[in-house]
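The values are calculated or read from the model by the stated rules, or taken from the named source; none is laboratory data. The shown structure was predicted, so the numbers you read here are calculated from the model rather than taken from an experiment. Don't worry about glycine lacking a Cβ; one is built from the backbone with ideal geometry, like all the others, and counts go over all protein chains shown.
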Amino acid sequence: MIDFHCHLDLYPKPQTIIERADLAGVYVLSVTTIPKAWLGTKQLAKGRLRIRTALGFHPELAHERYSELGLFDTLIDEAPYVGEVGLDGSKHLREHVSLQRKVFAHVLKTTERAGGRVMSIHSRGAAEEVLELLRSHDAGIPVLHWFTGGPSELQNAINAGCWFSVGPAMLKSKAGRARAAMMPRDQILPETDGPFGTIKGRPLEPNDAEAVIQTFASLWSIPPEDVRQQLIQNFKSIVTFAPDIKRDSIS
């Protein structure tokens, strides 16, 4: 299975989570929230063939960590993926919108200059603004994580060639399932957003990404095994843009 958006470094005992994911054979995109966290988070996964660490700059921290943009530029050549990056239009962050946009635009420009990356992108309350900046840069493959926009915003994202990562927490709600049902089947990846994503009060971990299969089987009216094979094929397709995982090893 695949968990395409997980904050491994933010669990109380990350090595325990990593061990369980490794034993279960889960491929994990370990996203970071600031450039300074990337090297340490990458070290957590040292020797783990199925874990990749993404270079991030979370919009909620853009106003506090603006000075780390130079470090992002320095690290980009070493990072096979970018994430978590993007914009957040939540009320408590509105005063920082301008700085968020500067940081995200800089991240996209740097990523474009580096040849593009697969990017895990945050767009809560700011879907159209995220799409506007994505259209201005040829920065790679955007994967919108836990997408919360409306139907028209979702269609605009699909038209813009975005992928989507979807987790059990998103699929708990009727609105989340309705959004997921509209997404192109061949551009969906599982995620958990652990430890922030939860089920019954428990933080999700990479092994829990498996839970999306049953929900998609119901949404798509196909057997669970067909869903599994579709998601695996999607993952094989997207890693061709970041060819540091052997496609033949994915099952």
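So that you can scan it fast, the table gives a plain yes or no per residue for (1) under 20 Å from GLU84 (Cα atoms); (2) modelled with pLDDT of 95 or more; (3) of a type outside the set (Val, Ile, Thr); (4) assigned to a helix (DSSP H, G or I):
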{"position": "LEU133", "(1), (2), (3), (4)": "yes, yes, yes, yes"}
{"position": "VAL143", "(1), (2), (3), (4)": "yes, yes, no, no"}
{"position": "PHE147", "(1), (2), (3), (4)": "yes, yes, yes, no"}
{"position": "PHE164", "(1), (2), (3), (4)": "yes, yes, yes, no"}
{"position": "GLY194", "(1), (2), (3), (4)": "yes, yes, yes, no"}
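For the range 143-159, check the following and say yes or no: at least one residue is among the hydrophobic types (A, V, I, L, M, F, W, C), surrounded by fewer than 17 Cβ atoms within 10 Å (Cβ to Cβ) and out of contact with any strand residue (DSSP E or B) (no Cβ under 6 Å at 6 or more places or on another chain). Steps first, answer last, please.
Of the range 143-159, the ones among the hydrophobic types (A, V, I, L, M, F, W, C) are 143-144, 146-147, 154, 157-158.
Adding the requirement that they be surrounded by fewer than 17 Cβ atoms within 10 Å (Cβ to Cβ) leaves 158.
Those still in the list that are out of contact with any strand residue (DSSP E or B) (no Cβ under 6 Å at 6 or more places or on another chain) too: 158.
Yes, that holds for at least one residue.
Step by step: first the residues of the range 79-113, then only those that are in a helix (DSSP H, G or I) and of a type in the set (Ser, Thr, Tyr), then the one that is surrounded by the fewest Cβ atoms within 10 Å (Cβ to Cβ). Which residue is that?
Only one residue tops the list, namely SER98.
For the range 119-155, the candidate set comprises residues that are without any contact (Cβ under 8 Å) to a residue 24 or more places away in the chain and over 18 Å from the mean Cα position of the chain (by Cα); within that set, the residue that is nearest to ALA178 (Cα to Cα) is GLY150.
Taking the criterion of being in a strand (DSSP E or B) and touching a residue at least 40 places away in the same chain (Cβ under 8 Å), would at least one residue in the range 60-78 satisfy it? The answer is no, given that none of the residues of the range 60-78 is in a strand (DSSP E or B) and touching a residue at least 40 places away in the same chain (Cβ under 8 Å).
Scanning the range 107-118 turns up no residue that is within 19 Å of LEU204 (Cβ to Cβ) and either among the basic types (Lys, Arg) or under 19 Å from the mean Cα position of the chain (by Cα) (or both).
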